[in-house]
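Before any comments, here is the structure.
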Amino acid sequence: MSDLKVTLIQSQLHWEDIAANLRMFDEKINSIGEKTEVVFLPEMFSTGFSMQSELLAETMDGSAVQWMKKKSAEKNIIITGSLIIKENGEYMNRLIWMLPNGTYGTYDKRHLFGYAGEHEHYQPGDKRLIAQVKGWKINLTICYDLRFPVWSRNSIQADTQAPAYDLLVNVANWPERRSTAWKTLLQARAIENQCFAIGVNRVGNDGNNIYHSGDTSLIDPMGEIIYRKSHDEDIFTYTLQRELLDDVRKKIPFLKDADKFTILPQG
């Protein structure tokens, strides 16, 4: 299996302004000066972490998804990040995994942030999305999901005798006041799941005057920090090395000793 080149975009967001955010990310993606394969954007990248679901939600045919389709095809890249989506009369914090050919996968955030009332405005998801590209299996999660290790737990699959995934991704609007948790949990998820971990966060104040320090990170399977950026906007591109991942798993094959369990629906 091949190496995988990824780009992490840490950015401020225009509060509840879809058009402005799409223009901004269009420019940021255009500015990437080297070939890349997957571009990661923050949680609710078109609006910021807003509870105005009825006002801001778009359908899967809306401007943000259409922008993702167009940009993905234009640059021949995969683009992923979450949006406020309305479907069948319900609102979701939905991650879109957009391929250059216009097909996509979706993941609806399972763990809604009750402290901010997210559960009062959005419906939780109940299915993981593990995307695949170039032989890499990528487990896609959103912000608060990071606090719940069972939802992210890797395991050896009975049919393939291989781990369920190779890269854990979390797209977020994670406030600076809890940045220690963000940084610690990202490292823990990488170590316990023997995978690369990417956390893409926003920076700056949101519309509620909550400050975000970013701390967008890339962690290797041993928990070593390859990249971390605090406070400033940044665009970082890196090649994930398959040989490194395979070597760690071969030398320290502890996933085969993990407890077996079943994840049940919430409630």
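What follows is calculated from the coordinates using simple rules that are stated; it is not laboratory data. What you see is a predicted model; the values in this text were computed from it and never measured. Note that we place each Cβ from the backbone using ideal geometry, even for glycine, and neighbour counts take in every protein chain shown.
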| message | I need the Debye-formula profile for the range 78-230: one equal scatterer per C-alpha, no solvent, reported as log10 I(q)/I(0) at q = 0.11, 0.14 1/Å, two decimals. | response | -0.43, -0.70
| field | Surrounding net charge for S155, when Lys and Arg each add one and Asp and Glu each subtract one, Cβ distance under 15 Å | value | +2
| task | At a temperature of 37 °C and a viscosity of 0.692 mPa s, determine how fast the range 1-40 diffuses translationally according to Stokes-Einstein, using the Kirkwood radius over alpha-carbon pairs as Rh; express D in µm²/s, rounded to the nearest whole number. | result | 284
| field | Extension gain from M222 to H119, taking 0.36 nm per residue of separation minus the Cα-Cα distance | value | 33.7 nm
| Set of aspartates and glutamates near K127 by C-alpha distance (under 14 Å), chain-local residues within fewer than 8 positions excluded | D108, D145
| field | Rounded to whole Å, sorted largest first: equivalent-ellipsoid semi-axes of the range 176-267, Cα gyration tensor | value | 29, 20, 10
| task | Quote the Stokes-Einstein diffusion coefficient, in whole µm² s⁻¹, for the range 209-256, based on the Kirkwood radius over alpha carbon pairs, a temperature of 37 °C and a viscosity of 0.692 mPa s. | result | 253
| request: Mind giving me the FRET efficiency for A19 and I252? R0 is 51 Å, r the Cβ-Cβ distance, nearest 0.05 is fine. | output: 0.60
| message | Quick check: residue separation of I191 and N209 times 0.36 nm, minus the Cα distance between them. What number comes out in nm? | response | 3.1 nm
| message | From the convex hull of the Cα coordinates of the range 185-224, what is the mean projected area in square nanometres? | response | 2.8
| remark: Asserting the computed 222 nm helical MRE of the chain (DSSP H runs at least 4 long, -39500 (n - 2.57) per run, divided by residue count, to nearest 500) equals -6500 deg cm²/dmol
| remark: Exposure proxy check on S82, S179, S50: fewest-to-most Cβ neighbours within 10 Å is S179, S50, S82
| query | Which of the aspartates and glutamates could a cross-linker bridge to K71, judged by Cα under 14 Å and excluding same-chain residues fewer than eight apart? | reply | D26, E27, E37
| message | In the chain, if the dipole is taken from +1 on Lys/Arg beta carbons and -1 on Asp/Glu beta carbons about the Cα centre, which of T7, A64, W174 is farthest to the positive end? | response | T7
| Once label points are set 7 Å from the Cα along Cα→Cβ at both N88 and N30, what is their separation, rounded to one decimal in nm? | 3.9
| task | Step through the table entries K5/K109; K28/K69; K5/K256, compare each Cα-Cα distance with 20 Å, and write down the pairs that go over it. | result | K5/K109; K5/K256
| field | Loop-resident sites, the range 80-152, for trypsin sites (Lys or Arg not before Pro), counting at most 10 other Cβ within 10 Å (DSSP) | value | K127
| If r is the Cβ-Cβ distance from V133 to L264 and R0 is 35 Å, what FRET efficiency results, to the nearest 0.05? | 0.75
| request: Kindly provide the GluC sites (Glu not before Pro) of the range 32-70 that DSSP labels as loop, not H, G, I, E or B, and whose Cβ sees at most 13 other Cβ atoms within 10 Å. | output: E34
| note | A chain fully extended from S155 to S230 at 0.36 nm per residue, minus the present Cα-Cα distance, gains in nm 23.8 nm
| query | With axes computed from alpha carbons, what is the tilt in degrees of helix 18-30 against the longest principal axis of the chain, rounded to the nearest 10 within 0 to 90? | reply | 50
| said: Using only Cα atoms and rounding to the nearest 10 degrees, what angle (0 to 90) does helix 242-251 make with the longest principal axis of the chain? | reply: 40
| remark: Share of Cα-Cα pairs in the chain beyond 25 Å, whole percent, is 40
| Stokes-Einstein D in µm²/s, Kirkwood radius over Cα pairs - the range 1-119 at 10 °C with 1.306 mPa s viscosity | 108
